[in-house]
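The values are calculated or read from the model by the stated rules, or taken from the named source; none is laboratory data. Computed from a predicted model, the values in this text were never measured in an experiment. A quick note on method: Cβ atoms are made from the backbone with ideal geometry, for glycine too, and the neighbour counts reach across all protein chains shown. Please note that ligands, DNA and RNA were not included when accessible areas were found on the heavy atoms of the full protein model with its side chains. Shrake-Rupley method; radii C 1.70, N 1.55, O 1.52, S 1.80 Å.
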Amino acid sequence: MKQSKSVDYQAIIDEVYAEVKSLDLQGKVADYIPELAKVSSEKYGICLVDNQGNTFTAGDAEEPFSIQSISKVFTLTMVFHAFKSKLWHRVNVEPSGNPFNSIAQLEYENGIPRNPFMNAGALVITDALISKFENAKEKIATFISDIAGCTNIQINGEVLMSEMDHASRNRAVAYFLKAHQNIENENIENLIQTYIYHCSMEMNCVDLARSFSFFADQGYSRYCDRQILTPSQTKRLNALMLTCGFYDESGEFAFRVGLPGKSGVGGGIAAVLPGKFSIAVWSPELNTKGNSLRGIKTLELITDKISFSLF
Ligand code: GLU
């Protein structure tokens, strides 16, 4: 591994990895999608890539896992690029204070989801992608593969089937949005399939850290040599991740870690320190809010060790 000049990221990651492994953190692997419950709770990986393109890893950093809600950042990036400001009439940009799969808030807020990372908001974004592209699934897979550095990102078919079989709540949310004219397409089952398709993508920590690097570098991805978002769009998505990226624990995450990022119920977290690096952590045991226990602890310790504070 190459070392960054000023900070020895590899030493910091190794130290944090050992420290977190020694802690007795007791969480629960997600089981509302039965296939996710089969993943070993012992898995733990970290990858940090700095803005010079150096890659630093520890543990199970190269083992693929289900990215789940982290995929919502990628779909949002795709529509943000394509739709610009029109999108914000259909989805708000406020923290919700409710669980990610909440339906109650939609009732009194007239079918406008609080933010694009709740399931309701992400379904609206996926609907917008279906309207825009003839083959939305293929476009999403290609986009994610490109920004991860031309790797071939795959879906996990078992996770997809398992989630399709347990998607009553997401179907209910989608129909509710449709009743409020906030879904354009008629085929709700295709919407659910496309949404679950992107949630079922598998990536490892290295892919994930690389795919988030443009958020740390003003919208530019060195892994596909493309300006993915303008600096101003990047600023907005980073702000959204900071305020809404960790379910109804986003305030606590900002307090303890203070980095823009997104978690998923597969136990992954991807985050960025703008101007410096992007990082992915994976450990499947979740806390009661649905965020990876070891993942949060890892990021808390890393930001402490590099004496980072946005604030
Ligand atoms: N596909 C999952 C769902 O819709 C995403 C959950 C998550 O990672 O937040 O329930």
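Could you give the distance between the Cα centres of the range 91-164 and the range 59-83, to the whole Å?
Taking the Cα centre of the range 59-83 as reference, the centre of the range 91-164 is 10 Å away.
Quick one: putting +1 on the C-beta of Lys and Arg, -1 on the C-beta of Asp and Glu, what dipole do you get for the range 13-68 around its Cα centre, in Debye to the nearest 20?
Numbers: 4 positive and 11 negative charges, 43 e Å.
That gives a dipole near 200 debye.
Among the aspartates and glutamates, which fall within straight-line cross-link reach of Lys137, defined as a Cα-Cα distance under 18 Å, with same-chain neighbours fewer than 8 residues apart omitted?
Of all the aspartates and glutamates, those that pass the test against Lys137 - Cα under 18 Å, at least 8 places apart if same chain - are Asp127, Asp146, Glu158, Glu163, Glu184, Glu186, Glu189, Glu202.
So how far apart, in nm, are the two label points at Glu158 and Asn54 if each is 7 Å from Cα heading toward Cβ?
The two pseudo-label positions are separated by 3.8 nm.
Can you put Tyr247, Tyr195, Tyr32 in order of accessible area, largest first, using a 1.4 Å probe?
Details: Tyr247 25, Tyr195 5, Tyr32 100 Å².
I get Tyr32, Tyr247, Tyr195, largest accessible area first.
Glu252 to Ile103: extension gain in nm, 0.36 nm per residue of separation minus the Cα-Cα distance?
Numbers: separation 149, 0.36 × 149 = 53.64 nm, distance 2.29 nm.
Result for the pair: 51.3 nm of gain on full extension.
Could you give the angle, 0 to 90 degrees to the nearest 10, between helix 293-305's Cα long axis and the longest principal axis of the Cα atoms of the chain?
In the chain, helix 293-305 runs at an angle near 50 degrees to the longest axis.
With a 10 Å cut-off between alpha carbons and a GNM built on the chain, which of Leu208, Leu25, Leu237 moves the most?
In this elastic network of the chain, the residue with the biggest mean-square fluctuation among Leu208, Leu25, Leu237 is Leu25.
List, in order, the whole-Hz ³J(HN,Hα) value for each residue of the range 146-157 obtained from phi through the Karplus relation with A = 6.51, B = -1.76, C = 1.60 and θ = phi - 60°; use x for Gly and Pro.
So the Karplus estimates, Gly and Pro as x, are 4, 6, 7, x, 6, 8, 9, 6, 10, 8, 9, x Hz.
Filter the cross-link list Lys72/Lys276; Lys86/Lys289; Lys43/Lys276; Lys132/Lys289; Lys132/Lys276; Lys86/Lys178 down to pairs whose alpha-carbon distance in this structure exceeds 29 Å. Don't skip to the answer; put the middle values down first.
Values: Lys72/Lys276 23 Å; Lys86/Lys289 31 Å; Lys43/Lys276 27 Å; Lys132/Lys289 33 Å; Lys132/Lys276 34 Å; Lys86/Lys178 18 Å.
Over 29 Å Cα-Cα: Lys86/Lys289; Lys132/Lys289; Lys132/Lys276.
Provide the per-residue ³J(HN,Hα) series for the range 72-78, in order, calculated from phi with Karplus coefficients 6.51, -1.76, 1.60 and θ = phi - 60°, each as a whole number of Hz, with x at glycine and proline positions.
Working through the residues one at a time gives 5, 5, 5, 5, 5, 4, 5 Hz.
If the reach is capped at under 12 angstrom between alpha carbons, list the aspartates and glutamates near Lys235, excluding any in the same chain fewer than eight residues apart.
Of all the aspartates and glutamates, those that pass the test against Lys235 - Cα under 12 Å, at least 8 places apart if same chain - are Asp217.
Just the C-alpha atoms of the range 1-101: what Rg/Rh do they give, with Rh taken as the Kirkwood radius?
Numbers: Rg = 18.3 Å, Rh = 17.4 Å.
Result for the range 1-101 is an Rg/Rh of 1.05.
Rounded, prolate or oblate: which fits the range 145-236 when a ≥ b ≥ c are the square roots of the eigenvalues of the alpha-carbon gyration tensor, with rounded for a/c under 1.5 and prolate only if a/b beats b/c?
Details: a/c = 3.14, a/b = 1.57, b/c = 2.00.
Oblate.
Which shape class, rounded, prolate or oblate, goes with the range 180-231 when its Cα gyration tensor gives a ≥ b ≥ c as root eigenvalues, a/c under 1.5 marks rounded, and past that a/b bigger than b/c marks prolate? Could you put the intermediate results ahead of the total?
Values: a/c = 3.75, a/b = 1.81, b/c = 2.07.
Oblate.
Let me have the 222 nm mean residue ellipticity of the chain computed from DSSP H runs of 4+ only, each contributing -39500 (n - 2.57), with the sum over all residues rounded to the nearest 500. Let's see the in-between values first.
Details: 13 runs with 135 residues, N = 311.
Calculated at 222 nm, the ellipticity per residue is -13000 deg cm²/dmol.
Which are the unpartnered cysteines of the chain, meaning those with no other cysteine Cβ under 4.7 Å from their Cβ?
Singleton cysteines: Cys150, Cys199, Cys224, Cys244.
Give me the extension gain from Val7 to Lys235: residue separation times 0.36 nm, minus the current Cα-Cα distance, reported in nm with one decimal.
Values: separation 228, 0.36 × 228 = 82.08 nm, distance 2.46 nm.
Taking Val7 through Lys235 to full extension adds about 79.6 nm, to one decimal.
Dipole size in debye (nearest 20) for the range 1-136 around its Cα centre, Lys and Arg Cβ +1, Asp and Glu Cβ -1?
In debye, rounded to 20, the range 1-136 gives about 620.
Please state the Cα pair-distance histogram of the range 146-193 with 5 angstrom bins from zero: what percent is in each bin?
5, 18, 21, 15, 14, 14, 11, 3
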